[in-house]
Ligand code: PLP
């Protein structure tokens, strides 16, 4: 008899997006002629850059000939992409990363979700609240979360990020082993300055804590003092793994490519006290369970770093950030309180008149025909907020804000 992984049975259904879809679909069925605008989606809407399309086409043609076709990709990624990443994402920010510290993958969701494979189930995990749900749900699956009581997992330490602390997570109060940090943040759209991130790295160095740093939105940073990589902070290579994604940076949500940085200096402890290189463990894990990102997709990712690719991708990101400005400025002018939206494509909107997240969600859907994401769905500290995204097209974004201003 096969027994299931009981940890999966502890997970509640993925209520948030299912409930949003249900409510939107009910509204649309009742009002088929009305135009409902979504500021709720966390997916891109603009097409891939022409340089990326060209690279995809060229690579596809290579696959059509016996001489140039490619089979399995190298475990950690093709050298052409690893070198482009090293040069553009790290050297350009004064950070030295070597290609064998990089692991190309099919995206940051897989990597942030799978990284727990190389860590003991006994580790105590800490997350910010609100939080990208993958960190919590995969901790539950691994048996690291305890039980769910009053909406919180008993073995997870939550770090509330609220307007009162400027959405800067407080350091954990108890002994923890692993902390997930996501900056720029989904869902709040806020960031950590260099000084704030250094406080985290210093804490991790002092307390032998592993930081899992999700930088999926790094490309949206506009301000100078915000680090693009945690490795811009001295000592971070000894305590942090960083996750990157081409999804939002270059519109790869449907193409799938990302990478993870596991520095050679980074170790964690075995039960006998011996220090173990996490780079070795992650290589072992990936070479056993993952068979590489498609050649044509890696060529497409390489093209993101070409001179034309960079220009085109930047234009698209600037367009999204212009949407963010339209949303943020429009709502602030209308007397509402917003956070984020300056270094991230998300705006964290305080609900008016003390409404709950879901009450305000319903109000916006039924009154203004605008879809948002209720903040409470990302954790208890998200109550009283909704998340708006800048990934829509300009016309829809402008119209939604005009409706809200009125
Ligand atoms: N990390 C964060 C914080 C995200 O918001 C998302 C997607 O929304 C991901 C990771 C997933 O990225 P990918 O598409 O590379 O799997």
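The values are calculated or read from the model by the stated rules, or taken from the named source; none is laboratory data. Every value quoted in this text rests on a predicted model; they were computed, and no experiment measured them. Cβ coordinates were reconstructed from backbone atoms using ideal geometry, including for glycine residues, and neighbour counts include every protein chain displayed.
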Practice item. For residue 40, indicate whether it is part of a loop (DSSP other than H, G, I, E, B) and within 16 Å of the ligand (Cβ to nearest atom). Key: yes
Practice item. Please tell me if residue 94 is surrounded by fewer than 10 Cβ atoms within 10 Å (Cβ to Cβ) and free of Cβ contacts under 8 Å to residues at least 40 places away in the same chain. Key: no
**Study point:** Residue match in the range 99-122 (condition: within 16 Å of the ligand (Cβ to nearest atom), buried (at least 16 other Cβ atoms within 10 Å of the Cβ) and under 18 Å from residue 385 (Cβ atoms))
**Key:** no
Review point. Can you name the residue in the range 236-259 that is away from the ligand (no atom under 16 Å from the Cβ) and part of a helix (DSSP H, G or I) and, of all such residues, is surrounded by the most Cβ atoms within 10 Å (Cβ to Cβ)?
Key: 236
Revision key, fill the gap. Among residues of the range 29-45 being surrounded by fewer than 17 Cβ atoms within 10 Å (Cβ to Cβ) and touching a strand residue (DSSP E or B) at 6+ places or on another chain (Cβ under 8 Å), the residue nearest to residue 389 (Cα to Cα) is 41
Check your understanding: What do you reckon, is residue 127 in a loop (DSSP other than H, G, I, E, B), over 19 Å from residue 238 (Cβ atoms), within 16 Å of the ligand (Cβ to nearest atom) and within 21 Å of the chain's Cα centre (by Cα)?
Key -> no
**Study point:** Residues located in the range 163-182, provided they are farther than 17 Å from residue 133 by Cβ and either more than 19 Å from the chain's Cα centre (by Cα) or within 11 Å of the ligand (Cβ to nearest atom) (or both)
**Key:** 163, 164, 165, 166, 170, 171, 172, 173, 174, 175, 176, 177
**Study point:** Residues satisfying the stated conditions in the range 375-390, i.e. buried (at least 24 other Cβ atoms within 10 Å of the Cβ) and more than 16 Å from residue 337 (Cβ to Cβ)
**Key:** 378, 389, 390
Check your understanding: Is the range 141-161 home to any residue that is within 30 Å of residue 73 (Cβ to Cβ), under 16 Å from the mean Cα position of the chain (by Cα) and assigned by TED's automatic domain parsing to the domain that holds residue 279?
Key -> no
Review point. Which residues, taken from the range 288-302, are over 22 Å from the mean Cα position of the chain (by Cα) and either modelled with pLDDT under 95 or farther than 13 Å from residue 117 by Cα (or both)?
Key: 291, 295, 296, 299
Study note, to complete from the structure: Per the list (1) under 30 Å from residue 283 (Cβ atoms); (2) more than 16 Å from the ligand (Cβ to nearest atom); (3) assigned to a helix (DSSP H, G or I), residue check on residue 27 breaks on (1)
Exercise for review: Pick out, from the range 260-340, the strands (runs of 3 or more DSSP E) lying fully within it that include 1 or more residues that are assigned by TED's automatic domain parsing to the domain that holds residue 99 and in contact (Cβ under 8 Å) with a residue 40 or more places away in the chain.
Suggested key: 267-269
